[in-house]
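Heads up: the structure comes next, in structure tokens.
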Amino acid sequence: MPPKPKVRRPYSHEFRREAVALYARTDKTLGKIAADLGVRESLRSWVQQAQIERGERDGLTGEEQEELRELRRLHDGGAPRRSASVTPLIRAPSPN
């Protein structure tokens, strides 16, 4: 029997926000809280994104990520997006 594909469980914004807040107000390790909540590595990325949103860490805010997605969509003419390594946004000019 083939292995079941991994299904990504959707977590509400409120759940994510509460999980990040729980990590911020407790002495437990991130790994312990993630295990208790059953979210594994998701909590780490949520905490990092919260730090970016507050300006405590370098990176793209959620708003900037959305803007980048929209620019990529417009650049691709609305076509489904392929891997960035396959379809770079800026192409080197071809030699003549």
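The values are calculated or read from the model by the stated rules, or taken from the named source; none is laboratory data. Treat the numbers as computed from the prediction; the structure is a model and nothing was measured. Every residue, glycine as well, gets a Cβ built from its backbone with ideal geometry; the counts of neighbours run over all protein chains shown.
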**Item:** helices (runs of 4 or more DSSP H) wholly inside the chain that include at least 3 residues being at pLDDT 95 or above and in contact with an Asp or Glu (Cβ under 8 Å, 6 or more places away or on another chain)
**Value:** none
**Request:** Only residues that are more than 16 Å from the chain's Cα centre (by Cα) and over 20 Å from P10 (Cα atoms): list them for the range 31-53, please.
**Result:** K32
**Fill in**
Among R44, R69, the single one that is of a type in the set (D, E, K, R) and over 16 Å from R17 (Cα atoms) is R69
